[in-house]
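Presented below is the structure to which this report refers.
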Amino acid sequence: MNRLPYTRPTIQRLQAGPVNPFRLGSSPSCVEIDGVPVADLAREHGSPLFVFSEKTLREKYREAHRAFSRRYPDVQFAWSYKTNYLNAICRVFHQEGSIAEVVSGFEYEKARGNGVEGAKIIFNGPHKERADLERAVNEGAMIQVDNIDELLALAALVRERPEPVPIALRVHLQTGAHAVWSKFGFNGDDGEVLQVMRRLATLPNLRLQGLHCHVGTFILDPENYRVAARQLVALAIEAEKIGAGPIRYLNLGGGFASHARLHYQYLPPEQTTPSIDRYAEAICETILSHWPAGRDLPRLYLETGRALVDDAGYLISTVVAVKKRSAPTQVQTALAAYGKAGVAAVPHGHSRHALVLDAGINLLYTTAWYQPKILPARPCLDTPEPTTVFGCLCMNIDVIREDAPLPSLTTGDQVVLHPVGAYNITQSMQFITYRPAVVMIDSERNVHVIRRRENLEYVQELEAVPGHLSANAPGPKPQFFAVA
Ligand SMILES: *Cc1c(COP(=O)(O)O)cnc(C)c1O
């Protein structure tokens, strides 16, 4: 009879979650994505590699849209471009019926390039350049005004127009979420937005038709949306009294949480992330019960971002070195710097497992807030132990996770990071290494490259070398090999 391999006993921090006694002594792994082996993906397209599941994108969209449209008669989703504006991703959502939500002239152009007509673009953002506003007006885009300067610039821009241009106002509200995002829009609690509406009522070429509030991002309590929806309805009623209405749409923005895990979040996301139904219920119920009887219900816009795309994105990466780590972790060092009691006794000399991956935090900007799951791409029998996962950048801050539970891995092993579909691509930067390819697996398991790996030519495309520094310029040559 074969004896089971010996595994070293370890003590682990209790991880709440489904208890499965049959999994003791093995680690969770991610061997394939949508039926395609991770090893094949890496062999074919290189490592690191971003992978998107088209199936998950569509499922997430449909689930969310169903949650809202089941509860409210007139719902329209707008894909938040900045959350992930790879064209293939945007087009999946547009195919599903989403219009576009953009926050700059660049994103506006991208949306137009993806075949979205102006009238189906919601134009947000605290800085819209004059030329972009002009284009948006000409193409009938849904402009959501952020500030008074923008409102006046817009009024000047449309002065000669025969028909009033419809616009919306963005407001920020106290919903209990966190610090109010008062950078954006007008204060909807202290009367500021009412003043703006009065001003607007005197501007003949602008007509208020919508109110917008994007409470914030990764909002874990749906009650915040109940508060926001109630206040937007109240403001819509006020708008009409002031003579600035009628309000034809309410836009509740995005911010619904994905299954990412915040730093220092004790419970797993499966237990902390509300279902999309709970957000939909909070918003739809509130509008339906507070909207004045007898008036046409406003259209409801949602600018869904991370909740639709985060879980669909993976990063495949390869272990390039295995280390022991003897120094205190960054968190411990930071606490020690603040003189926290007991921290001086940080286990100096106490070594722990550490790995270096071939991807760095320049690709994983969101690791500043979230801890992606890191799973080996092969089944592993030994028990996971807390492991520091370093990135490949020559920078001390390049730590992907301080404390990932991982079995012992060796150089060349692949791991899969998940969920990483929201914001990482749009916020990633080329730094030290080339940014990797991005592929999408379609519902027939075909793998499509949706962004090629960068190369030297691409990275240097916009550079110029002044003539006096060119290779055949007269004067001193580089002295690389000067010998004493
Ligand atoms: C970023 C953004 C969104 C999307 O937010 P998520 O948190 O990704 O859902 C929606 N609306 C506006 C105005 C935004 O700036």
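Brief remarks on what is shown
- For region 97-109, residues that are part of a helix (DSSP H, G or I) and either within 16 Å of the ligand (Cβ to nearest atom) or of a type in the set (A, V, I, L, M) (or both) total 4.
- Any hit, region 429-438, residues being in the same structural domain as T367 (by TED's automatic domain parsing), closer than 19 Å to D358 by Cα, among the charged types (D, E, K, R) and in contact with a Phe, Trp or Tyr (Cβ under 7 Å, 6 or more places away or on another chain): no
- Number of residues in region 204-235 that are touching a strand residue (DSSP E or B) at 6+ places or on another chain (Cβ under 6 Å) and hydrophobic (A, V, I, L, M, F, W, C): the value is 5.
- R325 modelled with pLDDT of 95 or more and among the basic types (K, R): no
- Scanning region 131-151 for residues that are more than 16 Å from the ligand (Cβ to nearest atom) and either in a loop (DSSP other than H, G, I, E, B) or without any contact (Cβ under 8 Å) to a residue 24 or more places away in the chain (or both) yields E134, N138, E139, G140, D149.
- Among the numbered conditions (1) modelled with pLDDT under 90; (2) away from the ligand (no atom under 13 Å from the Cβ), the only one that W181 does not meet is (2).
- Filtering region 76-96 to residues that are touching an Asp or Glu at 6+ places or on another chain (Cβ under 9 Å) and more than 15 Å from the ligand (Cβ to nearest atom) leaves A88, V92.
- Criterion violated by F50 - all others in (1) in a strand (DSSP E or B); (2) within 12 Å of the ligand (Cβ to nearest atom); (3) touching a residue at least 40 places away in the same chain (Cβ under 8 Å) satisfied: (2)
- Among residues of region 152-196, those that are part of a strand (DSSP E or B), over 22 Å from the mean Cα position of the chain (by Cα) and under 26 Å from I99 (Cα atoms), counted: 6
- Those residues of region 62-75 which are away from the ligand (no atom under 13 Å from the Cβ) and not in a strand (DSSP E or B), in sequence order: R62, E63, H65, R66, A67, F68, S69, R70, R71, Y72, P73, D74
- Filter result for the condition that a residue is surrounded by fewer than 20 Cβ atoms within 10 Å (Cβ to Cβ) and either under 30 Å from L57 (Cβ atoms) or out of contact with any helix residue (DSSP H, G or I) (no Cβ under 9 Å at 6 or more places or on another chain) (or both), over E270, E238: E270
- D310 vs. criteria at pLDDT 95 or above and more than 16 Å from the ligand (Cβ to nearest atom): no
- Any hit, region 218-234, residues being out of contact with any Lys or Arg (no Cβ under 6 Å at 6 or more places or on another chain), within 16 Å of the ligand (Cβ to nearest atom), small (G, A, S) and at pLDDT below 95: no
- Region 110-130: number of residues that are part of a helix (DSSP H, G or I) and either out of contact with any helix residue (DSSP H, G or I) (no Cβ under 9 Å at 6 or more places or on another chain) or within 16 Å of the ligand (Cβ to nearest atom) (or both): 4
- Check on R261, under 19 Å from T366 (Cβ atoms) and crowded, with 16+ Cβ neighbours inside 10 Å: yes
- Pairs where the first residue, in region 444-472, is assigned by TED's automatic domain parsing to the domain that holds A359 and the second is exposed (fewer than 12 other Cβ atoms within 10 Å of the Cβ) and part of a loop (DSSP other than H, G, I, E, B), C-beta under 7 Å, 6+ apart: R445/G35
- Single residue of region 27-42 satisfying the filter (closer than 22 Å to L381 by Cα and crowded, with 19+ Cβ neighbours inside 10 Å) that is modelled with the lowest pLDDT: S27
The values are calculated or read from the model by the stated rules, or taken from the named source; none is laboratory data. These numbers were taken from a predicted model, which means no experiment stands behind them. When we count neighbours, we look across all protein chains shown, and the Cβ atoms used for this are built from the backbone with ideal geometry, even at glycine.
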